[in-house]
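Before any comments, here is the structure.
The values are calculated or read from the model by the stated rules, or taken from the named source; none is laboratory data. A quick note: this is a predicted structure, and the numbers were derived from the prediction, not measured. Note that each Cβ is placed from the backbone with ideal geometry, even for glycine, and that neighbours are counted across all protein chains shown. Side chains included, ligands, DNA and RNA excluded: accessible areas come from the protein's heavy atoms. Shrake-Rupley method; radii C 1.70, N 1.55, O 1.52, S 1.80 Å.
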Amino acid sequence: ATVFLEFWKRRRAVIAYDWDLIDWEEEEEEIRPQFEAKYSKKERMNPISGKPEPYQAFADKCSRLIVSASGIFFMICVVIAAVFGIVIYRVVTVSTFAAFKWALIRNNSQVATTGTAVCINFCIIMLLNVLYEKVALFLTNLEQPRTESEWENSFTLKMFLFQFVNLNSSTFYIAFFLGRFTGHPGAYLRLINRWRLEECHPSGCLIDLCMQMGIIMVLKQTWNNFMELGYPLIQNWWTRRKLRQEYGTQRKTNFPQWEKDYNLQPMNAYGLFDEYLEMILQFGFTTIFVAAFPLAPLLALLNNIIEIRLDAYKFVTQWRRPLASRAKDIGIWYGILEGIGILSVITNAFVIAVTSDFIPRLVYAYKYGPCAGQGEAGQKCMVGYVNASLSVFLVSDFENRSEPTSNGSEFSGSPLKYCRYRDYRDPPHASVPYGYTLQFWHVLAARLAFIIVFEHLVFCIKHLISYLIPDLPKDLRDRMRREKYLIQEMMYEAELERLQKERKERKKNGKSYHNEWP
């Protein structure tokens, strides 16, 4: 992420130089008409222009910002409520699929539950996105930003925040909360004292996280490409159909080019906002949980190869020509990209330490395995790891509602007294039955230590990369210096020519000064 952003800064500098925008600064922006109409009765002198202008009181501004922040918090709560609804669906459905008649679904109840939950979650995401756009627009107008750029920055931040939380909340739940608070056999935590909370797949939570990210990413990119190209195609087809009915086929073919262009679809009211938002959310997907889904960058690359051609076709053939405006950078989006880069370091540290089995395996190899105390870790050092990661449970300690339908004699010939489950807990006959073992605390301490070391190490590398990669390419810096040198030479020569001309005129008129330079 850091290398990408650093090279983007270099690319931005080249583009800005080619378009002569390096030293371009936006002029004093005009006040938005809505702001002027709202606060026209109260004015104060502008310290720059010295002219009176509408003024928004500090108390009024603070009250509007508080109401807007409350609205943002409420909508985030709506997202969390939607995620909680998906959690309830998963809890109820996994038991339903486990008792299904078809053996295929019954034997793969965990995968079926995850797959259907992700599809339902995607539908909820797309529905909430429509609502969020209207809410963000309402809250931004409620704040009454003074200038157009302030309005755009405020609206952009809200839309990104809403869509980012909406898109990633269920992913964060699966990565860091799924299966963490389920209890243990004999003392399961239950929802409404009825349904057991969902646990991860026996192989770990990474498979669930990988499925969540893969399905959401593929479905969202497919849907976005369809809406970007399919929707304008359908609208233009409908427009052409109405024109044929109104003017006839012969008259329509004689339209001048400007009228044909006018009959195309107008550009989005927010300009390139949707294009930027799509790329920023995709950037988040390819960095935030890349440790769990390494295929995300490949899927993003394949999507962008297709989308860049679809966008070109859409801009050239389906939309009216957009109005150009000057800009020296991408504005607030760059700050959002940097924020995602920082967040990705933290989330990947937690994914590696908490979600994966990397740390438990490492602790076993160096502390509890056959190679404990020898300072080495290889394949032979992992012998017995699965057995060490399982705890013992006395079958007679099951709750009444959780008792198995058989005593297991059909498997071993005699009733089973014990079973195993994945956790680090003491055996049932210990002084504190089913309490956490010392290995649990060793794993927890190692996880916390890994997160701290990993974050600090990656952040140091991140800042080192930022320092080592210059913001301007060498050839561009040389061109800029050459340009500055030539301008100084021209100014010097012009000034020298002016002074020589004045001196000749004074000599011609017979005037001379005692302090004149020779």
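At-a-glance table
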| quantity | calculated |
| --- | --- |
| Residue among Ala324, Ala372 that alone is small (Gly, Ala, Ser), more than 30 Å from Ile452 (Cβ to Cβ) and either in contact (Cβ under 8 Å) with a residue 24 or more places away in the chain or outside any helix (DSSP H, G or I) (or both) | Ala324 |
| Filter result for the condition that a residue is over 21 Å from the mean Cα position of the chain (by Cα), part of a helix (DSSP H, G or I) and more than 26 Å from Val453 (Cα to Cα), over Asp261, Asp274 | Asp261 |
| Failed criterion for Asn108 (all others in (1) open to solvent by less than 50 Å² (accessible area, probe 1.4 Å); (2) under 27 Å from Arg190 (Cα atoms); (3) at pLDDT below 85 hold) | (1) |
| Any pair with Cβ under 8 angstrom, 6 or more apart, that starts in the range 52-63 at a residue that is without any contact (Cβ under 8 Å) to a residue 40 or more places away in the chain and ends at one that is surrounded by fewer than 15 Cβ atoms within 10 Å (Cβ to Cβ) and assigned to a loop (DSSP other than H, G, I, E, B) | Pro52/Asn46; Glu53/Asn46; Pro54/Ser40; Pro54/Lys42; Tyr55/Lys42; Ala57/Lys42 |
| Which numbered condition Ala324 fails, given (1) under 23 Å from Thr156 (Cα atoms); (2) open to solvent by less than 30 Å² (accessible area, probe 1.4 Å) | (2) |
| Conditions (1) outside the structural domain of Glu148 (by the TED database); (2) of a type outside the set (Ser, Thr, Tyr); (3) modelled with pLDDT under 80; number of the one not met by Asp18 | (3) |
| Residue within the range 422-444 that is part of a helix (DSSP H, G or I), in contact with a helix residue (DSSP H, G or I) (Cβ under 6 Å, 6 or more places away or on another chain) and surrounded by 13 or more Cβ atoms within 10 Å (Cβ to Cβ) present | yes |
| Lone unmet requirement of (1) open to solvent by less than 100 Å² (accessible area, probe 1.4 Å); (2) of a type outside the set (Ser, Thr, Tyr); (3) within 25 Å of Ile359 (Cβ to Cβ) for His456 | (1) |
| Qualifying positions in the range 234-244 - surrounded by fewer than 16 Cβ atoms within 10 Å (Cβ to Cβ) and modelled with pLDDT of 80 or more | Ile234, Gln235, Trp237, Trp238, Thr239, Arg240, Arg241, Lys242 |
| Phe97, sole failed condition from (1) farther than 25 Å from Leu167 by Cβ; (2) in a helix (DSSP H, G or I); (3) of a type outside the set (D, E, K, R); (4) open to solvent by 50 Å² or more (accessible area, probe 1.4 Å) | (4) |
| Count of residues meeting criterion [more than 21 Å from Leu323 (Cβ to Cβ) and among the aliphatic types (A, V, I, L, M)] in the range 263-286 | 3 |
| Residues of the range 143-158 satisfying the condition of being in contact with a Gly (Cβ under 8 Å, 6 or more places away or on another chain) and more than 18 Å from Leu277 (Cα to Cα) | none |
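Conditions (1) part of a helix (DSSP H, G or I); (2) surrounded by fewer than 16 Cβ atoms within 10 Å (Cβ to Cβ); (3) in contact with a strand residue (DSSP E or B) (Cβ under 7 Å, 6 or more places away or on another chain), marked per residue:
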| position | (1), (2), (3) |
| --- | --- |
| Gly179 | no, no, no |
| Glu199 | no, no, no |
| Ile207 | yes, no, yes |
| Met213 | yes, no, no |
| Ile216 | yes, no, no |
| Leu219 | yes, no, no |
| Phe226 | yes, yes, no |
| Pro232 | yes, no, yes |
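Residue-by-condition table, conditions (1) open to solvent by 50 Å² or more (accessible area, probe 1.4 Å); (2) in contact with a Pro (Cβ under 6 Å, 6 or more places away or on another chain); (3) at pLDDT below 85; (4) over 30 Å from Asp20 (Cα atoms):
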position: Glu338; (1), (2), (3), (4): yes, no, no, no
position: Phe350; (1), (2), (3), (4): yes, no, no, yes
position: Asp357; (1), (2), (3), (4): no, no, no, yes
position: Leu362; (1), (2), (3), (4): yes, no, no, yes
position: Ala377; (1), (2), (3), (4): yes, no, yes, yes
